[in-house]
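K.L.:
Quick one: structure below, then a few questions.
The values are calculated or read from the model by the stated rules, or taken from the named source; none is laboratory data. This is a predicted model, so every value here is computed, not measured. Glycine gets a Cβ as well: all are built from the backbone with ideal geometry, and neighbour counts include every protein chain shown.
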Amino acid sequence: MTSTEPKTDRRRVRFNAVQHIQAEPEAIFPLLCPVREHDWILPWKAEIIYTKSGIAEEGCIFRTGNAEDGTDIWVMTHYEPSRRVGFVRVNALRAIRYDIRVGAAGDGSSRLLWQQEITALDEAGDQHVAELRQEDFTAMVAAAERMLQHYLDTGEALDIEF
């Protein structure tokens, strides 16, 4: 008899948050890219490992982080222009699946649904994941909303904590 139970008991959490941006999806979507995020997220530092086009695309791989915070490897798993982008992000403690869906909200604005699923990879990861909170994810997405809207409005990056 085959068991349908999970093979491990690692911690997993899921978070969702919504952004409202005063711009059409076609203006927003190109900025959801590891290369273009340098334009509007001041602390963003991504090292591109692989891309055929030079920008975001399915299969794009990049690295973020440093010795102090740890290094994350990101793989773009979905790329549907003006609609959806997805990533898997992994470091020594945990794996994260990101899904960002972009849709027109009317009157030239857009609604972005951010979803994040974080799974611990070991006991230290279990502790890390146990400390994560929806409120922190919501605050991070809200900060990104302010930065993105400011960039779309002014062409300049907004210097805020992210």
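K.L.:
Could you tell me whether Leu32 is at pLDDT 95 or above and aliphatic (A, V, I, L, M)?
P.N.:
Considered against the rule, which asks whether it is at pLDDT 95 or above and aliphatic (A, V, I, L, M), Leu32 comes out as yes.
K.L.:
Out of the residues in the stretch 12-47 that are aromatic (Phe, Trp, Tyr) and out of contact with any Leu (no Cβ under 9 Å at 6 or more places or on another chain), state the one that is farthest from Gly125 (Cα to Cα).
P.N.:
Only one residue fits best here, namely Phe29.
K.L.:
Confirm whether Trp40 is surrounded by 15 or more Cβ atoms within 10 Å (Cβ to Cβ), under 24 Å from Glu131 (Cα atoms) and either out of contact with any helix residue (DSSP H, G or I) (no Cβ under 6 Å at 6 or more places or on another chain) or in contact (Cβ under 8 Å) with a residue 24 or more places away in the chain (or both).
P.N.:
no
K.L.:
Could you look through the stretch 122-139, keep only residues that are among the aliphatic types (A, V, I, L, M) and touching a residue at least 24 places away in the same chain (Cβ under 8 Å), and pick out the one that is farthest from Ile73 (Cα to Cα)?
P.N.:
Ala130
K.L.:
Do we find that Tyr98 is closer than 18 Å to Ala144 by Cβ and in a strand (DSSP E or B) in this structure?
P.N.:
In short, yes.
K.L.:
Across the stretch 129-139, what is the total count of residues that are surrounded by 16 or more Cβ atoms within 10 Å (Cβ to Cβ) and under 9 Å from Arg11 (Cα atoms)?
P.N.:
1
Residue by residue, here is whether (1) more than 14 Å from the chain's Cα centre (by Cα); (2) buried (at least 17 other Cβ atoms within 10 Å of the Cβ); (3) in contact (Cβ under 8 Å) with a residue 60 or more places away in the chain; (4) more than 21 Å from Ala143 (Cβ to Cβ) holds:
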site: Arg12; (1), (2), (3), (4): yes, no, yes, yes
site: Cys33; (1), (2), (3), (4): no, yes, no, no
site: Lys52; (1), (2), (3), (4): yes, no, no, yes
site: Glu57; (1), (2), (3), (4): yes, no, no, yes
site: Arg63; (1), (2), (3), (4): no, no, no, yes
site: His78; (1), (2), (3), (4): no, no, no, yes
site: Gly106; (1), (2), (3), (4): yes, no, no, yes
site: Glu117; (1), (2), (3), (4): no, no, yes, no
site: Ala120; (1), (2), (3), (4): yes, yes, yes, yes
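K.L.:
Filter the stretch 123-151 for residues that are over 14 Å from Gln19 (Cα atoms) and either modelled with pLDDT under 95 or in a helix (DSSP H, G or I) (or both) and give the result.
P.N.:
The answer is Glu123, Ala124, Gly125, Asp126, Gln127, His128, Val129, Ala130, Gln134, Glu135, Asp136, Tyr151.
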